[in-house]
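Note sheet for the following structure.
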Amino acid sequence: MPASQTKVKRNAGPARQRTYELLKERLLSGCFEPGNRLTEEHLAAELGVSRTPVREALHKLEQEGLVAPLGARGFCVPSDSKEEMEELFEIRSILEGYALQCTCTLISIKDLARLEVIVKEAEAALKRKEVDRIFEINTKFHDTLNSFVSHKSRLYSLITDMRKYVLRHRKNTLHTLEGAKRAIEGHRKIVLALKLKDPDLCERIMRAHIHESKEDALRVAFGKK
């Protein structure tokens, strides 16, 4: 990403908050690789701010586990352990399983049709072997599901934040045809469960879908069979 596109905008709120948000977004989106060294001086120059908001942002991100200290040498991007990755996916499965329970009794025929269209878009992309496009459509599917519980502000916020942490591990798995195929099949089952309006089934299907995602992510990251 060019430095000119990552500078903190002066009219976009306090510099320290915008610096923190931008660095967090870049960490979660995979712009920085595990092991990358992060220094105040370099980041301040790249973002067009002083070193103070960068220093504050890095310490805050350290508390969130997104960067690790290197003493006088600054910070680095840590690699998640197997246990940390499993925990992220498990928390996500609980949150989204509950969200789908809430959704199933309220979802309209129109919204079900929206989900079916998204699944068909993904199936068409799979036939064309457009894995990058499938990744985009997968994100759209879950964004749409999440929007159905936007009236539950706390749940919506928790899911949105958790998905940002998980997405960095899902990118590699969805960029394989097998991983993409499994994700699409999971989405078909989710739509079917919603049509049946069975809350318990919806929770089980969503949790199974995210469990599959977790296994794919662990396989890519740690060579798990």
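The values are calculated or read from the model by the stated rules, or taken from the named source; none is laboratory data. Quick caveat, the model's predicted, so the values are computed rather than measured. So basically every Cβ, Gly included, is an ideal-geometry build from the backbone, and we count neighbours across all protein chains shown.
Structure notes:
- Residue in region 158-166 that is touching a Lys or Arg at 6+ places or on another chain (Cβ under 8 Å) and of a type in the set (S, T, N, Q) present: no
- Pairs meeting the criteria (first residue in region 86-105 and part of a helix (DSSP H, G or I), second residue charged (D, E, K, R), beta carbons under 6 Å, at least 6 apart or on different chains) are PHE89/LYS214; SER93/ARG207; GLY97/GLU203; GLY97/ARG207; GLN101/GLU203; CYS104/LYS197.
- Beta carbons closer than 9 Å, at least 6 apart along the sequence or on distinct chains, pair a first residue in region 130-152 that is within 15 Å of LYS120 (Cα to Cα) and in the same structural domain as THR105 (by TED's automatic domain parsing) with a second that is in a loop (DSSP other than H, G, I, E, B) and of a type in the set (S, T, N, Q) for VAL131/THR176.
- Top-ranked residue of region 72-114 - restricted to ones that are hydroxyl-bearing (Ser, Thr, Tyr) and at pLDDT 95 or above, ranked as farthest from ARG37 (Cα to Cα): SER108
Results for (1) within 25 Å of ALA113 (Cα to Cα); (2) crowded, with 17+ Cβ neighbours inside 10 Å; (3) out of contact with any helix residue (DSSP H, G or I) (no Cβ under 8 Å at 6 or more places or on another chain), shown as yes or no for each residue.
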{"position": "LYS129", "(1), (2), (3)": "yes, no, no"}
{"position": "ILE134", "(1), (2), (3)": "yes, yes, no"}
{"position": "ASN146", "(1), (2), (3)": "yes, yes, no"}
{"position": "LEU167", "(1), (2), (3)": "no, yes, no"}
{"position": "ALA180", "(1), (2), (3)": "yes, yes, no"}
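- Output for region 130-146, where each listed residue is of a type in the set (A, V, I, L, M, F, W, C) and under 11 Å from the mean Cα position of the chain (by Cα): none
- Odd one out for ARG10 among (1) at pLDDT below 80; (2) in contact with a Leu (Cβ under 9 Å, 6 or more places away or on another chain); (3) exposed (fewer than 14 other Cβ atoms within 10 Å of the Cβ): (2)
- Residue under evaluation ARG26, criteria (1) touching a residue at least 12 places away in the same chain (Cβ under 8 Å); (2) assigned to a helix (DSSP H, G or I); (3) touching a helix residue (DSSP H, G or I) at 6+ places or on another chain (Cβ under 8 Å), criterion not met: (3)
- Of all residues in region 102-112, those satisfying the criterion of being surrounded by 11 or more Cβ atoms within 10 Å (Cβ to Cβ) and among the hydrophobic types (A, V, I, L, M, F, W, C) are CYS102, CYS104, LEU106, ILE107, LEU112.
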